[in-house]
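**Q** Below is a structure I'd like to ask you about.
The values are calculated or read from the model by the stated rules, or taken from the named source; none is laboratory data. Quick caveat, the model's predicted, so the values are computed rather than measured. Cβ sites come from the backbone with ideal geometry, for glycine too, and all protein chains shown count toward neighbours. Keep in mind that these areas ignore ligands, DNA and RNA; they rest on the heavy atoms of the full protein, side chains included. Shrake-Rupley method; radii C 1.70, N 1.55, O 1.52, S 1.80 Å.
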Amino acid sequence: MKKVTFLICFLLTQISFSYGQLRYTSHHEVGLLTYATSIGESGFSVLTNHGVALNPKVSLLLGTGVEYYPYDRFRYDVWIVPLTAGVRYLTNPEERSSFVVAADLGYGFAFSKDDESSNEISSGGIKVNPMLGWRWKLGQKRSWLQAGIGYQFQSIKLKAGAVTGRTPASDVILGYIPDQTISEKTSVDMQRIVLRVGFGF
């Protein structure tokens, strides 16, 4: 992952030298991650993105933040720290408001709080997040507000343990262990509808 991050930073630097007229831009967003009709079953995200505007229409960004996912009907939850590379495209940057297309691709580092269950997060996985939205300029400055809706895919690896092979005490013989714990890793692909608002300059 470090190599990928270095490569992305290197490419952004090379683009900056090539274009010469690039300017710094930042995007800050909060959002709702939902997969059901009940808001109570939803997670949330707080993200910050920083990068360069290649021209008035196209920006390239690197982002991070924190995201929270409840899953499996509240049996488990997981915190994600994503590291992404993204692009933003404005259809009418000269107007007071403009349609915007956004896409982010990266990796989410997963963490889970300790509990009494036998399940735990072993690692994170790929994150994919395309978005459509609308942006409004604030006065004559470069700052703006934005609202959007999209789809988000986040994969994690779940290390699950199950207790099997229970044997009545009367059947236990010397050297035999009646309870065995079997561990296995499974992938959990979390797919969410994203509602997000933000600001930037």
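**Q** Taking only pairs six or more apart or across chains, which ones have beta-carbon atoms under 6 Å, a first residue in the range 139-160 that is in contact (Cβ under 8 Å) with a residue 12 or more places away in the chain, and a second residue that is open to solvent by 80 Å² or more (accessible area, probe 1.4 Å) and polar (S, T, N, Q)?
**A** 153/191
**Q** Quick one: how many residues across the range 44-65 are open to solvent by less than 50 Å² (accessible area, probe 1.4 Å) and not in a loop (DSSP other than H, G, I, E, B)? Step through it out loud before you land on a result.
**A** Filtering the range 44-65 down to residues open to solvent by less than 50 Å² (accessible area, probe 1.4 Å) leaves 45, 47-49, 51-54, 58-63, 65.
Filter again for not in a loop (DSSP other than H, G, I, E, B), leaving 45, 47-49, 51-53, 58-63, 65.
Selection size over the range 44-65: 14.
**Q** Quick one: residue 76 ticks every box in (1) more than 20 Å from residue 123 (Cα to Cα); (2) in contact (Cβ under 8 Å) with a residue 40 or more places away in the chain; (3) open to solvent by less than 40 Å² (accessible area, probe 1.4 Å) bar one, so which box is it?
**A** Of the numbered conditions (1) more than 20 Å from residue 123 (Cα to Cα); (2) in contact (Cβ under 8 Å) with a residue 40 or more places away in the chain; (3) open to solvent by less than 40 Å² (accessible area, probe 1.4 Å), the odd one out for residue 76 is (1).
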